[in-house]
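These notes concern the structure reproduced below.
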């Protein structure tokens, strides 16, 4: 059992503010990950699991993307939710989907 002294402040402390330890400093990258952004894309032309894998691979290759979840609607408009640590432009998302061979479309009313 640890003694009460092990939880006390070190004897060399003389008062005043304690400087932040490097590992306790705010890391902007870490802060962004705490508040991930989600972008929903509507994608036409996907018909199977291979389509899902291709789109997922291209989107995950984008800088800042933490994850991709695709809801396949074979023969219709599928939905992909992209979770990222930064804002992603519609152009870069559209280009990634096009690289996989599919098209981002406007949501239907």
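The values are calculated or read from the model by the stated rules, or taken from the named source; none is laboratory data. Remember, predicted model here, so these are calculated numbers, not experimental data. Using ideal geometry, Cβ is built from the backbone for each residue, glycine included, and neighbour counts are taken over all protein chains shown.
Screening residue 33 on (1) out of contact with any strand residue (DSSP E or B) (no Cβ under 8 Å at 6 or more places or on another chain); (2) modelled with pLDDT under 95; (3) part of a helix (DSSP H, G or I) shows it passes everything except condition (1). Selection of the stretch 65-84 for residues being touching a helix residue (DSSP H, G or I) at 6+ places or on another chain (Cβ under 7 Å) and surrounded by 18 or more Cβ atoms within 10 Å (Cβ to Cβ) yields 65, 68, 70, 80, 82.
Determine, yes or no, whether residue 62 is touching a residue at least 12 places away in the same chain (Cβ under 8 Å), crowded, with 16+ Cβ neighbours inside 10 Å, part of a loop (DSSP other than H, G, I, E, B) and out of contact with any helix residue (DSSP H, G or I) (no Cβ under 8 Å at 6 or more places or on another chain). Against the criterion (touching a residue at least 12 places away in the same chain (Cβ under 8 Å), crowded, with 16+ Cβ neighbours inside 10 Å, part of a loop (DSSP other than H, G, I, E, B) and out of contact with any helix residue (DSSP H, G or I) (no Cβ under 8 Å at 6 or more places or on another chain)), residue 62 does not qualify. The single condition from (1) assigned to a helix (DSSP H, G or I); (2) on the phi > 0 side of the Ramachandran plot that residue 57 fails is (2). Quick check, is residue 93 over 10 Å from residue 44 (Cα atoms), in contact (Cβ under 8 Å) with a residue 40 or more places away in the chain and either in contact with a strand residue (DSSP E or B) (Cβ under 9 Å, 6 or more places away or on another chain) or not in a strand (DSSP E or B) (or both)? Yes, satisfied.
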